[in-house]
Amino acid sequence: MSLTGTPFLYTTVVLAVVALILPLVLWSRVRGPKSLRAAARLAMLLFAQGTAVTLIFVLVNNQNNLYDNWADLLGTGNHVQQAQDLGSDGTGGIAVKRLPKVRQAFTAAEGPGMRAAGGVRVTQLRGRVSGVNAEVYVWLPPQYDEPAYRTKKFPVVELLPGYPGSAKAWFGSMKAHEQLLPLMRSGQVAPFILVAPRTNLLAGVDTGCANIPGQVNADSWLSIDVPKMVMDNFRAEPAPQGWAVAGYSAGAHCAVKLAVAHPDRYRAAVSLSGYNDPIGERNSLAAQNPTLRAENNPYLLLRKAPVPPRIALYISGESGDGYQAGVALEAIAKAPTTVHVVFLPHSAGGHNMALWRPQVDTVFRWLTLQMGQNRARGQDRSLTGTTGSLTGSAAGPTGRTGTTGAAGTTGTTGTTPRSPSTGGSTRAELASGTASRAGAAQKR
């Protein structure tokens with residue numbers, strides 16, 4: 001029985017009801033010695049508590065797409081077949097463009113929200129470079145199968161969840177495809193192909209989207225194998241101009257890191273409540289030692305880049321949870337790198353789906369412009385960041401926004417705190433962007 005399936009949910013509901021009724025009916029009818037009666041009544045109470053906790057867990061898990069299956073929950077899943085040392089570029093010397101095309105078999109994805117807005121499809125992908133074997137979910141825009149677009153290639157956005165998190169989350173809890181379908185049909189948002197690969201590749205740890213020889217090649221999985229599969233099977237625009245990556249929480253960290261590390265593979269990245277230093281997620285493999293942390297910290301990668309990468313970054317967060325990480329990146333960005341930082345007040349929500357879900361509309365309007373897809377109608381030019389204001393359906397009011405390039409920073413201050421909360425962080429933590437986690441409890 002599937003962990004996220006309707007049958008299991010209904011089973012837990014029935015068991016919870018039965019567990020509530022049992023003590024009411026049998027409490028005074030238990031016969032036998034006193035010790036036996038006490039044991040029976042205790043068992044009924046424990047059964048009632050256990051079923052109640054299970055039901056709450058199932059409801060929360062289905063709402064937030066934390067664990068996709070029993071293997072993820074029990075920590076027995078392993079999707080890494082091999083993890084060779086692939087070198088600094090993550091290819092292992094393989095000429096990726098010369099690899100023959102492989103046609104994947106896709107089926108209709110199951111689960112909450114998977115059949116909405118035209119339906120999500122899924123395939124099991126064996127990464128030829130990374131050695132990862134895992135599922136990838138794909139949603140096609142409404143124009144994809146229309147005769148007028150039969151020769152058109154479409155831009156792509158990779159969607160990354162937090163940790164723990166299911167690859168389905170952007171379609172299930174975030175309802176990204178349901179929100180974007182009418183916007184794409186009306187021309188307000190470009191018709192993007194949405195791709196959600198599994199990021200939970202090893203049991204009980206966050207890969208940090210890193211390549212770690214002998215353990216996992218998560219970077220190559222996300223930035224090489226998955227894009228190669230999409231290009232082989234769909235009419236997708238080539239990298240980097242036609243590709244972007246977006247994520248929330250741990251996925252937000254990965255999105256920015258991938259774009260900064262691979263400007264030849266991505267043109268833009270979106271970070272919702274992310275962080276720069278991998279240690280922001282206590283279970284991250286990328287935080288194992290100082291060398292790994294530095295190699296996977298987008299702030300340090302951007303600061304040390306010999307040539308500023310041609311990428312655009314959109315970073316939103318509350319003070320102490322993503323905002324300072326964006327400000328740190330903004331402060332060191334040089335043209336042609338642009339950084340658009342959006343401050344969200346604590347009244348907008350917390351580190352959860354209720355904060356991130358309403359930002360889908362605004363984020364994809366921004367991506368439409370940044371990726372040269374501004375032929376879509378009804379775009380708000382302020383989303384380019386050059387005017388320093390942001391409008392749209394982001395969660396709650398926004399304050400400080402802006403874009404950093406050669407001319408410095410443009411922006412306005414609204415509800416932004418004059419001195420952003422450091423949460424007890426040191427100057428070094430603020431400078432590297434780690435303050436987004438230092439002042440708060442570890443969040444996922």
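Just so you know, in segment 165-184 the residues that are in contact with a Gly (Cβ under 9 Å, 6 or more places away or on another chain) and of a type in the set (Gly, Ala, Ser) include one that is farthest from residue 140 (Cα to Cα), and it is 165. Residues in segment 109-123: is at least one surrounded by 15 or more Cβ atoms within 10 Å (Cβ to Cβ) and touching a His at 6+ places or on another chain (Cβ under 6 Å)? Yes - at least one qualifying residue is present in segment 109-123.
Yes or no: residue 129 under 23 Å from residue 228 (Cβ atoms), buried (at least 22 other Cβ atoms within 10 Å of the Cβ) and of a type outside the set (S, T, N, Q)? Against the criterion (under 23 Å from residue 228 (Cβ atoms), buried (at least 22 other Cβ atoms within 10 Å of the Cβ) and of a type outside the set (S, T, N, Q)), residue 129 does not qualify. Within segment 338-354, being assigned to a helix (DSSP H, G or I) and either at pLDDT 95 or above or among the hydroxyl-bearing types (Ser, Thr, Tyr) (or both) holds for one residue alone: 347.
Looking only at segment 90-108, which residues are surrounded by 14 or more Cβ atoms within 10 Å (Cβ to Cβ) and under 23 Å from the mean Cα position of the chain (by Cα)? Matches in segment 90-108: 90, 106.
Scan segment 122-150 for residues that are assigned to a loop (DSSP other than H, G, I, E, B), among the charged types (D, E, K, R) and under 30 Å from residue 90 (Cβ atoms) and report the count. Total satisfying the criteria: 1. Here residue 66 does not qualify as touching a Phe, Trp or Tyr at 6+ places or on another chain (Cβ under 8 Å), hydrophobic (A, V, I, L, M, F, W, C), at pLDDT below 90 and open to solvent by 50 Å² or more (accessible area, probe 1.4 Å).
Taking the listed residues 2, 28, the one that is among the small types (Gly, Ala, Ser) and surrounded by 13 or more Cβ atoms within 10 Å (Cβ to Cβ) is 2, with no other qualifying. Among the candidates 330, 318, 295, the residue that is modelled with pLDDT of 95 or more and within 30 Å of residue 62 (Cβ to Cβ) is uniquely 318.
Every residue, every condition in (1) within 28 Å of residue 228 (Cβ to Cβ); (2) of a type in the set (A, V, I, L, M, F, W, C); (3) open to solvent by less than 40 Å² (accessible area, probe 1.4 Å); (4) more than 18 Å from the chain's Cα centre (by Cα), yes or no:
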position	(1), (2), (3), (4)
246	yes, yes, yes, no
252	yes, yes, yes, no
258	yes, yes, yes, no
264	yes, no, no, yes
303	no, no, no, yes
307	yes, yes, no, yes
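Annotation for segment 229-242: no member residue is touching a Gly at 6+ places or on another chain (Cβ under 6 Å), of a type outside the set (Gly, Ala, Ser) and within 24 Å of residue 311 (Cβ to Cβ). Checked against (1) of a type in the set (Val, Ile, Thr); (2) buried (at least 24 other Cβ atoms within 10 Å of the Cβ); (3) not in a helix (DSSP H, G or I), residue 363 meets all criteria but (3). Residue count for segment 173-186 under the criterion of being in a loop (DSSP other than H, G, I, E, B) and either without any contact (Cβ under 8 Å) to a residue 12 or more places away in the chain or open to solvent by less than 10 Å² (accessible area, probe 1.4 Å) (or both): the result is 2.
Meeting the requirement of 1 or more residues that are among the hydroxyl-bearing types (Ser, Thr, Tyr) and within 24 Å of residue 351 (Cα to Cα), the helices (runs of 4 or more DSSP H) wholly within segment 243-337 are 298-304, 323-332.
Taking the conditions (1) within 21 Å of residue 134 (Cβ to Cβ); (2) open to solvent by 50 Å² or more (accessible area, probe 1.4 Å); (3) modelled with pLDDT of 85 or more in turn, residue 38 satisfies each one other than (1).
Scanning segment 1-48 for residues being among the hydroxyl-bearing types (Ser, Thr, Tyr), within 30 Å of residue 169 (Cβ to Cβ) and in a helix (DSSP H, G or I) gives a total of 4. Summed over segment 199-234, residues that are open to solvent by 10 Å² or more (accessible area, probe 1.4 Å), touching a strand residue (DSSP E or B) at 6+ places or on another chain (Cβ under 6 Å) and either in a helix (DSSP H, G or I) or of a type in the set (D, E, K, R) (or both) total 2.
The values are calculated or read from the model by the stated rules, or taken from the named source; none is laboratory data. Since the model is a prediction, treat every value here as computed from it, not as a measurement. So basically every Cβ, Gly included, is an ideal-geometry build from the backbone, and we count neighbours across all protein chains shown. The area values use the complete protein model at the heavy-atom level, side chains included, leaving out ligands, DNA and RNA. Shrake-Rupley method; radii C 1.70, N 1.55, O 1.52, S 1.80 Å.
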